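These notes concern the structure reproduced below.
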Amino acid sequence: MGNAQSLTRTSGALDSFVAELGGDMVYEGSLGSARFLKTVKCRHKNGYLVVKIFVKPDPGLSLRKYHRRLKVEREALSDIANVYNYQNFAETDKAGYVIRQWVASSLYDRISTRPFLSMIEKKWIAFQLLNALHDTRNRKISHGDIKSENILVTSWNWVYLSDFASYKPTYLPLDDPSDFSFFFDTSGRRTCYIAPERFYTAANNPDISAKKSRLALEDGEGRRDGKVTEAMDCFSAGCVVAELFLEGAPLFTLSQLFKYREGEFSVDSQLSTIDEGVRNLIKQMIAVDPSSRPTFDTLLHTSRGTVFPESFYSFLHNYVSSVNETHTPLASAMSPVNPAYPSTLSTTTSAIKPPSTQPPPGVVVSDQSNDPLPSDSDHRMDRIWADFESVEPYLASDSGEDTMTDVKVDYTSSVVSSKPFQDVLPVELYIPNRESKLRSAWSAGKRAASEDGPALIILALVCANIRNCYLPSSKVRALDVFLALSSHLTDEAKLDRMVPYIVDLLHDDAAVVRSAALRTLMQILMLVTVITPSNAAIFPEYIIPVIAHLVRDPEVSVRCMYSQCIVALADTAVRYLEMGQALKAHGTYNLSADAQEYDEAHFEVSYDASMQDLQNSVQEHLATLLVDPSSVVKRAVLHNISSLCIFLGRQKTNDVLLSHMITYLNDRDWLLRYAFFDSIVDVAACAGGRSLEDYILPLMIQALSDVEESVVAKVLASLTSLCELGLFQKIKIWELMSATLGFLYHPNIWIRQAATAFIASAAKHLPPSDVWCILYPSLKHFLRSDIRDVDEQSLLTSLKPPVRIVFVLDFLLNAVVIAFC
């Protein structure tokens with residue numbers, strides 16, 4: 001099959017070969033143009049498969065020896081975490097078939113796929129590759145064809161070493177590159193990672209040449225021409241690691257490898273851009289002399305704590321491997337974290353088996369068949385959420401003082417000078433045995449990661465599973481994990497890696513998930529303090545459009561959450577706009593020659609235009625929320641209204657906010673009327689004196705007769721605040737005092753205290769002559785004794801007893817009787 005077969009092959013329609021495997025296999029398409037093994041993608045009822053087809057030149061050719069060898073390899077490698085070998089074999093008269101599950105991307109694909117791999121992720125992939133090769137060598141198995149196309153990478157950057165090539169020749173003729181092209185250059189890139197000692201000539205290697213000739217003449221089918229040593233695999237692995245850190249640039253082509261073999265080619269210039277520790281590791285692995293190459297065990301040992309972080313060895317590899325396993329439902333969420341997990345992982349075949357149908361003891365099973373069953377991703381997410389208290393120390397252990405940056409953030413806006421149990425921001429995390437640190441971190445400044453660390457690996461694991469979760473509870477827990485991870489991530493990672501997955505949950509079927517996703521999105525965006533030029537326009541071009549549908553969400557809870565977050569949306573959008581303008585001002589953008597004439601006037605116009613567009617976008621969403629049919633949503637809009645007033649400016653505050661808010665006084669919900677007067681002070685301060693006197697003040701005087709006493713008390717409290725701000729003219733103060741003196745007899749103690757506070761505040765803004773000559777004669781009728789100062793404490797101490805509520809009810813009853821007589 002690999003050593004003695006002719007380089008010519010019969011060909012035929014690949015779908016006809018796939019049809020021999022049965023009706024369950026449907027041909028999807030070819031995955032390459034290799035001549036030795038035809039690789040195709042097939043569809044099966046349980047998922048996609050990769051089938052490699054060896055077309056027999058002679059129907060009488062038997063592949064039983066190869067089948068037996070591949071089966072031995074499969075059994076030996078079945079429990080290695082980072083190995084995924086062929087899972088099934090078949091042979092017909094026309095061809096031989098090796099089959100495994102299809103994985104979307106190889107390492108070659110992943111290197112050029114966004115988001116591009118960071119340094120910590122490259123080290124993580126290299127570590128897994130060396131770990132896989134170390135484990136396979138312990139099982140006396142060699143690979144023989146290590147290249148980036150044969151290393152499979154999952155969406156959470158877990159590596160599987162695949163497509164072991166024991167059926168390919170070990171030695172290749174140096175003077176005939178056709179063998180290399182036929183067996184190993186399957187991609188057509190002409191890259192060559194074959195160890196130099198695997199190329200031979202008849203003059204320099206007569207033993208190898210003689211053995212190859214003997215195998216060709218005899219019935220050598222299934223016999224190998226030599227053993228692939230650990231040093232050979234080490235060289236190939238070193239070339240792959242180099243390609244990984246060179247952003248996909250191959251280390252050797254076939255001609256370059258021949259020159260390197262003879263000492264006529266140097267890779268020093270190529271490797272000069274790589275981290276020094278990794279560069280030294282690669283140079284050891286690609287030494288021309290096989291005896292100078294270290295074993296995989298030595299490489300892992302010497303790189304511990306230097307090239308690879310200690311957490312890879314002590315915790316991270318074993319933990320991620322164990323999370324990938326399928327557990328009994330809920331068992332994973334209740335199991336403690338143990339850094340000493342077994343280092344092996346069951347094969348993917350076992351990993352995709354359905355979970356056990358037996359629930360753990362004490363778990364109540366629902367009788368409703370319509371309840372969605374948790375997926376494997378649900379179990380993994382619950383596991384990460386439950387274990388996070390134990391995982392977090394390993395995320396921070398490698399982040400020393402040199403990788404952390406003090407970031408002082410101004411959180412003195414109304415969003416953070418918050419009202420306990422009312423504000424949704426900052427978010428309070430709910431993770432077992434972990435105290436929420438988010439709120440306290442806001443007020444004291446926070447520690448931001450300046451470079452990516454192991455947290456990025458856990459983030460990739462969470463992101464890969466959150467898309468496949470069925471249960472809303474798992475998705476909400478994933479959002480909590482996102483927030484907990486944010487303190488260990490760079491700002492660029494938050495925006496590029498985390499935000500897209502949160503945005504995707506804004507369209508979830510469950511309202512609780514949509515609400516939590518919106519809140520988490522706003523929180524993550526508020527935590528970012530540094531942006532890149534590519535993210536400067538993230539709000540107008542991405543964030544605002546993707547959340548626009550939430551203003552008309554069918555669930556009141558989601559619209560209410562958006563109403564509570566719209567202040568944070570506006571404030572954070574302005575901050576990002578200012579950071580983007582700062583990048584332009586400091587020349588961070590790559591300006592063209594024409595753009596160098598970017599003068600100050602153009603800069604200011606550009607900023608004003610961007611600000612105007614931003615205001616219009618937020619105003620459009622705000623106008624919809626202000627007329628929402630639910631009073632709960634309207635009340636949420638009024639919460640922290642002062643920041644919206646500043647954001648919109650005086651003109652739009654009058655035209656948009658105030659014009660809609662006035663209609664709230666006709667609503668039957670007294671809580672909405674209460675919220676109106678609770679927020680009217682901030683609106684009045686921004687709207688200006690004319691709006692206050694012409695619109696707001698008459699409505700407040702009218703509201704003093706509201707049927708709900710809490711509303712009346714809030715009106716008086718708002719009048720006091722406006723008076724203390726000095727927004728009333730003298731004539732208006734006298735008008736208001738005449739309207740409020742009667743409330744000093746009111747039986748409701750809140751109203752009496754509010755009226756007393758207003759009169760005391762008004763007295764401070766009047767001349768002493770007016771207080772004692774005009775105000776006091778009217779005020780003393782409500783006092784039991786004279787007072788020295790017209791302040792709140794003196795008035796409360798000297799007030800006459802209020803009218804008894806019984807007398808008020810009798811009066812109202814008599815009034816009703818007279819009205820109907």
Taking a ≥ b ≥ c as the square roots of the eigenvalues of the Cα gyration tensor, with a/c under 1.5 meaning rounded and otherwise prolate when a/b exceeds b/c and oblate if not, segment 14-104 is oblate
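Taking 0.36 nm per residue of sequence separation and subtracting the Cα-Cα distance, how much length would be gained by fully extending the chain between ARG668 and THR624, in nm to one decimal?
On the way: separation 44, 0.36 × 44 = 15.84 nm, distance 2.03 nm.
Roughly 13.8 nm would be gained on extension.
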Would you please state which residues of segment 781-801 a label at ILE749 would reach in this model, taking the label point 7 Å out along Cα→Cβ and a backbone N cut-off of under 17 Å? 793-801
Would you please put 225-233, 268-276 in order of how densely packed they are, using the mean number of other Cβ atoms within 10 angstrom per residue and starting with the highest? 225-233, 268-276
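What FRET efficiency would be calculated for the residue pair ARG43, THR273, taking the C-beta separation as r and a Förster radius of 41 Å, to the nearest 0.05? Don't skip to the answer; put the middle values down first.
On the way: r = 42 Å, r/R0 = 1.03.
With R0 = 41 Å, the Cβ-Cβ based efficiency is 0.45.
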Cross-link candidates for LYS65: which lysines have Cα within less than 21 Å, leaving aside residues fewer than 8 places away along the same chain? LYS38, LYS52, LYS56, LYS94, LYS140, LYS168, LYS211, LYS212, LYS227
Using a 10 Å cut-off on Cβ atoms, rank the peptides 472-481, 790-799 from the highest mean neighbour count down. 472-481, 790-799
Students often get this wrong: which residues of segment 522-560 have the backbone nitrogen under 14 Å from the point 7 angstrom along Cα-to-C-beta of HIS507? 545-550
At 7 Å along the Cα-to-beta-carbon direction for both GLU428 and ILE701, put a label point, then send me their distance in nm to one decimal. 4.4
Report the one residue of CYS234, LEU281, SER142 whose Cα lies farthest in the direction of the positive end of the charge dipole of segment 142-291 (charges on C-beta: Lys and Arg +1, Asp and Glu -1; origin at the Cα centre). SER142
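What length, rounded to one decimal in nm, is gained on full extension from HIS549 through to SER112, with 0.36 nm per residue of separation minus their alpha-carbon distance? If you can, show how the numbers build up before the last one.
Numbers: separation 437, 0.36 × 437 = 157.32 nm, distance 3.33 nm.
Length gained between HIS549 and SER112: 154.0 nm.
So what is the relative contact order of segment 629-747, in percent, for Cα pairs below 8 Å that sit 6 or more residues apart?
Reported relative contact order: 25 percent.
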5 angstrom amide H check on PHE199, placed H, neighbours 5+ away: LEU172
Would you mind calculating the gained length between ALA13 and ALA203 on full extension (0.36 nm times residue separation, minus the Cα-Cα distance), in nm to one decimal? 64.2 nm
Among rounded, prolate and oblate, which fits segment 452-572 when a ≥ b ≥ c are the square roots of the eigenvalues of its C-alpha gyration tensor, a/c under 1.5 means rounded, and a/b larger than b/c means prolate? oblate
By the Kirkwood definition, with r running over pairs of different Cα atoms, segment 152-278 has a hydrodynamic radius in Å of 16.3
1/(1 + (r/R0)^6) with r = Cβ-Cβ of GLU724 and GLN87, R0 = 51 Å, i.e. FRET efficiency to nearest 0.05, evaluates to 0.10
Taking SER761, SER679 and counting other beta carbon atoms within 10 angstrom, the fewest-first order is SER761, SER679
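How do the peptides 650-656, 153-159 rank, highest first, by the average count of neighbouring beta carbon atoms within 10 Å per residue? Intermediate values should be presented prior to the final figure.
Details: 650-656: 16.7, 153-159: 20.3.
Per-residue Cβ counts within 10 Å, averaged per peptide and sorted highest first, yield 153-159, 650-656.
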In whole Hz, with x marking every Gly and Pro, tabulate ³J(HN,Hα) for segment 42-59 from phi via Karplus 6.51 cos²θ - 1.76 cosθ + 1.60, θ = phi - 60°. 10, 9, 10, 4, 9, x, 7, 10, 10, 10, 9, 10, 9, 7, 6, x, 9, x
Set of lysines with alpha-carbon distance to LYS634 below 27 Å, sequence-local pairs under 8 removed: LYS419, LYS652, LYS714
For q = 0.11, 0.16, 0.22 Å⁻¹, Debye-computed log10 I/I(0) when each Cα of segment 56-192 counts as one equal scatterer: -0.47, -0.96, -1.43
Any idea which of ILE194, TRP156, THR302 is furthest toward the positive side of the dipole for segment 106-302, if Lys and Arg beta-carbons carry +1 and Asp and Glu beta-carbons -1? TRP156
Per-pair calculated FRET efficiency, R0 = 30 Å: ASP791 and ARG690 via Cβ, rounded to 0.05: 0.45
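Read-outs: derived from the displayed coordinates by stated rules, not from any lab. Just so it is clear, the structure is predicted and the values come from calculations on it, not from any experiment. All Cβ positions, glycine included, derive from the backbone under ideal geometry; neighbour counts span all protein chains shown.
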